[in-house]
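Colleague: Got a structure here, written out as structure tokens. Questions coming.
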Amino acid sequence: MNYSIKHLFHINAPREKVYEAISTIDGLSKWWTTKTSGNPEVGGIINFGFGEHQGPNMKVTKLVPNENVTWVGVPESHGWEDHIFTFALDENEGKTRVRFSHSGWTEQDDFYASCCFSWARDMESLRQLCQTGRGEAFGSDGYRR
């Protein structure tokens, strides 16, 4: 069985601003983790650090400006190898609609449940960054979990 974490929400900001937040190292470091580095171009690897833990590491597999960002988890110790992460953007009633998906789960265990909660918190951080200019990335002063 293949399970997915999915979130659908709206951001009161232009798609261009949301796309920049999910497709650049600077943007990602402001809402997900301040320890973001790597190559955000198609075929590049982005490294996300969380405290003492390195990873997950993501390979960028698709970039469609202002519409789609897709990554796949690369082999590492985090547990997301071959998982697919998709951010699909469109406009809905003057706002940017975001459809986020993290697929590749084989069971709905405690790690899956923890990631469901964390992704929801991270999506709210993305929304706050795009709407107010301030996200709550891991490692930032505003971070709470």
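The values are calculated or read from the model by the stated rules, or taken from the named source; none is laboratory data. Bear in mind that the values here come from a model prediction, so they are computed numbers and not experimental data. Here the Cβ positions follow ideal geometry from the backbone for every residue, glycine too, while neighbour counts run over all protein chains shown.
Colleague: As an exercise: evaluate residue 61 against (1) in contact with a His (Cβ under 6 Å, 6 or more places away or on another chain); (2) under 17 Å from residue 37 (Cα atoms) and give the number of the one condition it does not meet.
Modeller: (1)
Colleague: Only one of 140, 103 is modelled with pLDDT of 95 or more, small (Gly, Ala, Ser) and either surrounded by 14 or more Cβ atoms within 10 Å (Cβ to Cβ) or closer than 17 Å to residue 23 by Cα (or both); which?
Modeller: Checking each option against the conditions leaves just 103.
Colleague: If the Cβ limit is 8 Å and pairs must be 6+ apart or interchain, which residue in the stretch 102-117 that is among the charged types (D, E, K, R) pairs with which residue that is surrounded by 12 or more Cβ atoms within 10 Å (Cβ to Cβ) and not in a helix (DSSP H, G or I)?
Modeller: Between residues of the stretch 102-117 that are among the charged types (D, E, K, R) and residues that are surrounded by 12 or more Cβ atoms within 10 Å (Cβ to Cβ) and not in a helix (DSSP H, G or I), the close pairs are 107/3.
Colleague: Now, a different point. Scan the stretch 52-69 and tell me whether some residue there is modelled with pLDDT of 95 or more, assigned to a helix (DSSP H, G or I) and on the phi < 0 side of the Ramachandran plot.
Modeller: no
Colleague: Moving to a separate point now. Show the residue pairs that are 6+ apart or on different chains and have beta-carbon atoms under 9 Å apart, the first residue being within the stretch 27-43 and part of a loop (DSSP other than H, G, I, E, B), the second being among the hydroxyl-bearing types (Ser, Thr, Tyr) and at pLDDT 95 or above.
Modeller: Final answer for the pair search is 32/125; 40/23; 40/24; 42/61; 43/61.
Colleague: Against the conditions (1) within 25 Å of residue 111 (Cα to Cα); (2) crowded, with 18+ Cβ neighbours inside 10 Å, where does residue 15 fall short? Just the number, please.
Modeller: So the condition that residue 15 fails would be (1).
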